[in-house]
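The next block holds one structure in the form of structure tokens; read it before the comments.
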Amino acid sequence: MKISKTFIEDLLVIEPAVFEDDRGYFFESWSESVFLKHDLDLDFVQDNQSFSHKNTLRGLHFQHPPYAQGKLVRVIQGSVLDIAVDIRKKSPTYGQYFSIELSGKNKKMFWIPEGFAHGFLTLDDDTIFSYKCTQIYHKESEGSLLWNDSELNIDWGVKNPFVSEKDKKADSFANCKSSF
């Protein structure tokens, strides 16, 4: 696996070694020993998977401590524009975001630690998205940022995505009560 840093500290892009032949392909999607070599001692406690149609936007979600989640995300089928927003108040990149395209074809993974709001936009129909989480989902601890907040100025590449009613009512970045 190749693990690369991004311009935002602690966000990592992971590219697995993919072995392909006439039968198909094989790769490790998680290796504790590889992550430990990069000082990432992670304990995943919950796996989630979502299925979405093209132009579905999910996010920008996070959970407050003590239920804050780190997430290792990847796309099994289809593709997404994946976004992580730094909501760590003391971070030099507070309020900035990083975007990456994840797809079933490129097989890239994205590590998003605690202290980030996370969301994605599906770029293909029948997209299957997978999350490994370091903490269980806890409804009372959830928070969210408005996906089209003018202060964040995220370029999603689409004007009218399919967004849940809950996500349409998310907080603006200015009103974010970050616990990080």
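The values are calculated or read from the model by the stated rules, or taken from the named source; none is laboratory data. Source: prediction; values computed, not measured. Don't worry about glycine lacking a Cβ; one is built from the backbone with ideal geometry, like all the others, and counts go over all protein chains shown. Accessible surface is based on the protein model in full, side chains and every heavy atom, while ligands, DNA and RNA are left aside. Shrake-Rupley method; radii C 1.70, N 1.55, O 1.52, S 1.80 Å.
The table that follows gives values for the structure above.
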| item | result |
| --- | --- |
| Residues (open to solvent by less than 50 Å² (accessible area, probe 1.4 Å) and touching a residue at least 40 places away in the same chain (Cβ under 8 Å)) located in region 21-30 | Phe27, Ser29 |
| Qualifying positions in region 162-175 - part of a loop (DSSP other than H, G, I, E, B) and open to solvent by 20 Å² or more (accessible area, probe 1.4 Å) | Ser164, Lys169, Ser172 |
| Residue tally, condition in contact (Cβ under 8 Å) with a residue 60 or more places away in the chain and either farther than 16 Å from Gly115 by Cα or open to solvent by less than 50 Å² (accessible area, probe 1.4 Å) (or both), over region 141-159 | 11 |
| Set Lys71, Lys54, Lys37, Lys90: member being under 30 Å from Lys166 (Cβ atoms) and without any contact (Cβ under 8 Å) to a residue 12 or more places away in the chain | Lys90 |
| Criterion violated by Met1 - all others in (1) of a type in the set (A, V, I, L, M, F, W, C); (2) over 24 Å from Leu121 (Cα atoms); (3) in contact with a Cys (Cβ under 7 Å, 6 or more places away or on another chain); (4) surrounded by 14 or more Cβ atoms within 10 Å (Cβ to Cβ) satisfied | (3) |
| Given (1) touching a His at 6+ places or on another chain (Cβ under 9 Å); (2) open to solvent by 50 Å² or more (accessible area, probe 1.4 Å), number of the condition Val18 does not satisfy | (1) |
| Candidate set from region 41-62 (those that are farther than 19 Å from Ile136 by Cα and under 17 Å from the mean Cα position of the chain (by Cα)); member that is surrounded by the fewest Cβ atoms within 10 Å (Cβ to Cβ) | Phe51 |
| All positions within region 80-101 that are under 16 Å from the mean Cα position of the chain (by Cα) and either open to solvent by 10 Å² or more (accessible area, probe 1.4 Å) or on the phi > 0 side of the Ramachandran plot (or both) | Leu81, Arg88, Gly95, Gln96, Tyr97, Phe98, Ser99, Ile100, Glu101 |
| Selection from region 68-88 of residues that are under 19 Å from Ala170 (Cα atoms) and part of a loop (DSSP other than H, G, I, E, B) | Ala68, Gln69, Ile87, Arg88 |
| Count - residues of region 109-130 that are assigned to a strand (DSSP E or B), surrounded by 19 or more Cβ atoms within 10 Å (Cβ to Cβ) and not polar (S, T, N, Q) | 11 |
